[in-house]
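Student: Sharing a structure, written as structure tokens. Questions coming.
Bear in mind these aren't lab numbers, they're just calculated from the coordinates by the rules spelled out. The structure presented is a predicted model; accordingly, all values stated were derived computationally and were not measured. Quick reminder, even Gly has a Cβ in these numbers, built from the backbone with ideal geometry, and neighbours come from all protein chains shown.
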Amino acid sequence: MKQFCTLLALLSLAQATFSQEENTADSAAIVEELNVISETFSSTRIINGHSIETLNKGVLEFRVEHRFGDIAGTAGGVQTLFGLDNSADIRIAFEYGITDKMMIGLGRSKGTGSPYKSLIDGFAKYRVLEQTKGKIPLSLAMIGTTSYSYMKASEDISQVSHFPEWKHRFAYSLQVNVARKFGERLSLALMPTMVHRNYVAADDVNTLFALGGAARCGITSTTSILVEYYHVFSNSSFRPTNTQSLGVAFEWITFGHNFTVHLTNSKGFGETQFIPYTYEDWLKGQFRLGFCIGRKFQGE
């Protein structure tokens with residue numbers, strides 16, 4: 001009887017100790033979750049390129065993006081109602097959160113015609129690190145994208161759109177996206193990016209390297225100003241330094257919706273388009289109005 005009472009006492013002590021450790025582990029997990037810095041950027045995109053953000057698991061987002069013609073310069077002005085008569089590019093896409101840290105997307109864009117039209121693009125993004133208070137100072141994500149042109153091949157063999165082989169229709173990009181949120185209002189990001197095109201003009205290079213930088217400045221809890229710039233490192237004579245991709249935007253967040261109105265000198269969407277094929281100069285009025293509407297649908 002005495003041995004039985006001793007055994008009961010030991011079991012009770014072990015159960016109490018285990019429960020305490022379990023509660024301590026749960027509490028630590030909750031504290032760590034509370035310390036994660038959220039909403040470094042308000043959307044999965046900044047202006048042209050990706051942000052650090054990913055969709056939550058089971059969330060589907062439908063995106064419509066539109067970009068008009070030049071506001072000023074030789075192709076703009078009052079005759080085109082400052083570019084509103086023209087359409088540089090249009091993109092419709094569906095994006096989905098597989099987990100809270102991984103998402104995929106598939107889209108279709110009209111294409112700017114320099115040199116591609118009829119584009120299908122896809123990407124995968126994985127959130128490697130999350131900024132946490134007093135522990136991890138930065139957030140980091142890896143993004144891989146590809147685009148494919150199914151436009152009718154040109155009969156002119158000197159054109160990039162001639163596409164001697166089907167693989168020449170593909171282009172790829174790989175990006176490391178690093179970001180940090182400073183307080184409630186300011187977020188900064190750096191986006192080193194490599195773009196590879198399987199088929200290019202004789203005076204171009206297949207692989208390009210670019211460094212992107214972006215900032216988000218919150219105005220209110222639902223509105224913010226965005227700035228994004230990508231510098232392409234290339235010695236090609238046809239790529240002057242004053243035609244790098246630059247954009248500014250006003251962002252407005254509502255329940256389930258994200259609205260962005262922007263000005264940019266880039267015509268195309270996606271890293272395989274706006275990084276290698278931005279030739280327009282802001283100082284010559286060769287920038288355009290654009291917008292993006294994103295609508296999220298929460299899964300079960």
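Student: In the structure shown, do any of Lys125/Lys167; Lys101/Lys133; Lys135/Lys296; Lys110/Lys296 have a Cα-Cα gap over 25 Å, and if so which?
Tutor: Details: Lys125/Lys167 23 Å; Lys101/Lys133 19 Å; Lys135/Lys296 31 Å; Lys110/Lys296 23 Å.
Where the Cα-Cα span goes over 25 Å, the pairs concerned are Lys135/Lys296.
Student: I'd like the projected area of the chain, averaged over all directions, using the convex hull of its alpha carbons. Report it in nm² with one decimal.
Tutor: Averaged projected area of the chain's Cα convex hull equals 21.7 nm².
Student: Would you mind checking the tilt of helix 2-35 against the longest principal axis of the Cα atoms of the chain, expressed as 0 to 90 degrees and rounded to 10?
Tutor: So the inclination is approximately 20 degrees.
Student: Note down the relative contact order for the chain as a percent, whole number, built from C-alpha pairs under 8 angstrom at least six residues apart.
Tutor: 18 percent
Student: Is it possible to state the helix-based mean residue ellipticity at 222 nm for the chain, with each DSSP H run of 4+ residues giving -39500 (n - 2.57), the sum divided by total residues, to the nearest 500 deg cm²/dmol? What is it?
Tutor: My calculation for the chain gives -4500 deg cm²/dmol from helical runs alone.
Student: What longest range of the chain stays clear of loop-exposed trypsin sites (Lys or Arg not before Pro) (DSSP non-H/G/I/E/B, at most 12 other C-beta within 10 angstrom)?
Tutor: 1-132
Student: Right, here's the next one. State the extension gain, in nm to one decimal, for the chain segment bounded by Lys133 and Tyr172, taking 0.36 nm per residue of separation less the distance between their alpha-carbons.
Tutor: Difference between extended and current length: 10.5 nm.
Student: Right, here's the next one. Please compute one quarter of the surface area of the Cα convex hull for region 189-300 and express it in square nanometres.
Tutor: Mean orientational projected area (region 189-300, Cα hull): 9.0 nm².
Student: Another question, if that's okay. Considering the Cα trace of region 99-194, what is its radius of gyration and what is Dmax, both in angstroms?
Tutor: Over region 99-194's Cα set, Rg and Dmax evaluate to 18.2, 60 Å.
Student: Counting other beta carbons within 10 Å of each residue's own, what order do Glu61, Glu155 fall into, fewest first?
Tutor: Ordered by Cβ neighbours within 10 Å, fewest first: Glu155, Glu61.
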